[in-house]
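The values are calculated or read from the model by the stated rules, or taken from the named source; none is laboratory data. Computed from a prediction, not measured in an experiment: that's the story for all the values here. Counting neighbours? That spans all protein chains shown, and the Cβs are built from the backbone with ideal geometry, glycine included. The area values use the complete protein model at the heavy-atom level, side chains included, leaving out ligands, DNA and RNA. Shrake-Rupley method; radii C 1.70, N 1.55, O 1.52, S 1.80 Å.
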Amino acid sequence: VSGDVHRYGLPRTDLTVTLDGVTIKPALALGGWVAFKPMHGEVMAMGDLVLLEAEINPVMAKLIEDGIEITALHNHLLRAIPAPFYMHVGGHGDAVKLANTIRAALAASGTPLELPSTAPPAPAVDLDTAQLDQIIGVNGHGNSGVYQFAVPRRDPVVEGGMALAPAGPMGVATSINFQPTGDRKAAVTGDFVLTGNEVNPVIKTLRENRIEVTAVHNHMLTENPRLFFMHFWAHNDAIKLAKGLRAALEKTAIAKN
């Protein structure tokens, strides 16, 4: 719970996905989620479901049958085996009905829907997280062996007359994730939240820093300002990558601490 937002994680712990020799932890790039926020006497639901190709149509059919909108469907990564896809969803109405619909749809996939009886201890993040915090400019946090940042934009994002806040839980903050791979290296991925005029300056800066741009697309349909989400991937020295990502952040209208 963050403010008035209830956000539920839906990690694909059932999948073993590899990319460029890295076995991807769910918290790095396989963390589906759904968030519920009060809106005009009802609830707004938004989310991002992580699916295999064969799961897309069964899940989509159940969602649209019960009134959940599909707002985007795409990749976030390149060369991943097996290839995960990401289905962004939205809806308005009764919270329990929305939750039941999303759960029923996810039952058509392999998404784990039961909590484990005992949670394993979280692995340590073997990185200089204090230095990463200093470079990125916000404080990150560990999540199941991955160090995560959420960098909000300076100006609010509005959907359906409601500000999407807090930005991180509602999926409108730039997300940067570091998964340590040993010898001070990390795999990094996530997505920049951008207005149209920021897209190409950020692409140029990321590529100059040898960070691969893997997708540019929308996640929502009627937000204001219109946003584009740029996904990225790299595997290198963690501090070097952090400096490149910070240079790209400087091309965007991020909130300043």
Any helix of the chain counts here only if DSSP assigns it H throughout, its Cα atoms span 20 Å or more along the axis, and its mean Kyte-Doolittle hydropathy is at least 0.0, and such helices are none
Lysines within cross-link reach of Lys37: Cα-Cα under 17 Å, excluding same-chain residues under 8 positions apart?
Lys97
Residues meeting the amide H criterion for Ile254 (H placed from the backbone, H to H distance under 5 Å, 5 or more places apart or on another chain) are Arg154
Over the chain, what percent of the accessible surface lies on carbon and sulfur atoms, probe 1.4 Å?
53 percent
Taking every alpha carbon pair in the stretch 104-257, what does the distance histogram look like in 10 angstrom bins from 0, in percent?
10, 37, 33, 18, 2
Note down the net charge around Ala83, summing +1 for each Lys or Arg and -1 for each Asp or Glu among other residues with Cβ under 15 Å from its Cβ.
-1
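Report the relative contact order of the chain, percent, no decimals, based on alpha-carbon pairs under 8 angstrom and at least 6 residues apart.
18 percent
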Report the rotationally averaged projected area of the chain based on its alpha-carbon convex hull, in square nanometres.
13.1 nm²
